[in-house]
Amino acid sequence: MSGKSTKEICTQLNIKEETYRKALAQKRLILPPHPSAHDPSTTKSSRNASDDQCSMGKSCSNEVGRILASRKGISATPVFSSHLDLSHGGILLSLPALLACGLLSHAEQFSKVKGYYTAHQVLVSLAFLMLLRKTNLERSNEVPSGELGRCLGLDRISDVKTLRERIAAFCGHADLEEWSSDLSRQWMQKENDELNGVLYVDGHVRLYYGSQADMPKRFVSRMRLCLSGSTDYWVN
């Protein structure tokens, strides 16, 4: 009966709505409590507490899945659920753009690498970390592993050691130059041909603090001043 209206319940039980309401008012019929949208078991504090109590390590709550991965090479199956105040949950808004750019379109080259995390999950994890401005693997420790893992439908994301091992395995089982070429070819064959010839020119001011040369004045936006220096131009 969960999720049904009073009218639907009475129709299914073949009783009048007035009889149903009287039974509720006289407490002759007691309904189970409706699960609240603010169930404390789904809050960030409760999730952090449960993550710290995992016997296999921080946020490693899927113990059976990890044992199967180590013994049988069976990868984890994503399971998504509802959570309140999920850290970095907004990163999921970037997923359609990542898929449109072909992030996973040629990932079958890495499918031979077996483990708890699939190639798709590793690639999406790396993309999420880059979007969170974690420009090297060591900085992934700054992100709550359990919280970002739930964005992928997992108990946690890979730690630094596992990410390094998976990247090394990818390099050993696939031709990365071919993968890069396939992605570039896909980008160039997009429907909008006008974007194929667009160049992005970016200028970076390099300040000069010496006295041996008379360098021209450059406007430094971060300091809002005109200072001596040179400009490096990057064309992408």
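Descriptive notes on the structure:
- Residues that are open to solvent by less than 90 Å² (accessible area, probe 1.4 Å), assigned to a helix (DSSP H, G or I), at pLDDT 80 or above and not hydrophobic (A, V, I, L, M, F, W, C) within the range 183-204 comprise Ser184, Gln186, listed in sequence order.
- Scanning the range 64-111 for residues that are among the small types (Gly, Ala, Ser), touching a helix residue (DSSP H, G or I) at 6+ places or on another chain (Cβ under 9 Å) and closer than 21 Å to Leu148 by Cβ returns Ser75, Ala76, Ser81, Ser82, Ser87, Gly89, Ser94, Ala107.
- Residues located in the range 94-140, provided they are farther than 23 Å from Asp182 by Cα, of a type in the set (Ser, Thr, Tyr) and not in a loop (DSSP other than H, G, I, E, B): Ser140
- Within the range 146-164, the set of residues being part of a helix (DSSP H, G or I) and either surrounded by fewer than 21 Cβ atoms within 10 Å (Cβ to Cβ) or free of Cβ contacts under 8 Å to residues at least 24 places away in the same chain (or both) comprises Val160, Lys161, Thr162, Leu163, Arg164.
- Residue satisfying all of: in the range 165-182; of a type outside the set (Phe, Trp, Tyr), modelled with pLDDT of 85 or more and open to solvent by less than 40 Å² (accessible area, probe 1.4 Å); nearest to the chain's Cα centre (by Cα) among these: Arg166
- Looking only at the range 49-93, residues that are surrounded by 15 or more Cβ atoms within 10 Å (Cβ to Cβ), of a type in the set (A, V, I, L, M, F, W, C) and part of a helix (DSSP H, G or I) come to 3 in all.
- Some residue of the range 205-224 being aromatic (Phe, Trp, Tyr), open to solvent by less than 90 Å² (accessible area, probe 1.4 Å) and in contact (Cβ under 8 Å) with a residue 40 or more places away in the chain: no
- The range 94-118, residues that are modelled with pLDDT of 90 or more, open to solvent by less than 50 Å² (accessible area, probe 1.4 Å) and among the small types (Gly, Ala, Ser): Ser94
- When the range 121-130 is filtered for residues that are open to solvent by less than 90 Å² (accessible area, probe 1.4 Å) and either over 9 Å from the mean Cα position of the chain (by Cα) or under 13 Å from Thr162 (Cα atoms) (or both), the ones remaining, listed by number, are Gln121, Val122, Leu123, Ser125, Leu126.
The values are calculated or read from the model by the stated rules, or taken from the named source; none is laboratory data. Everything numeric here is computed off the predicted structure, so don't read it as measured data. Glycine gets a Cβ as well: all are built from the backbone with ideal geometry, and neighbour counts include every protein chain shown. With ligands, DNA and RNA removed, areas are computed over all heavy atoms of the protein, side chains included. Shrake-Rupley method; radii C 1.70, N 1.55, O 1.52, S 1.80 Å.
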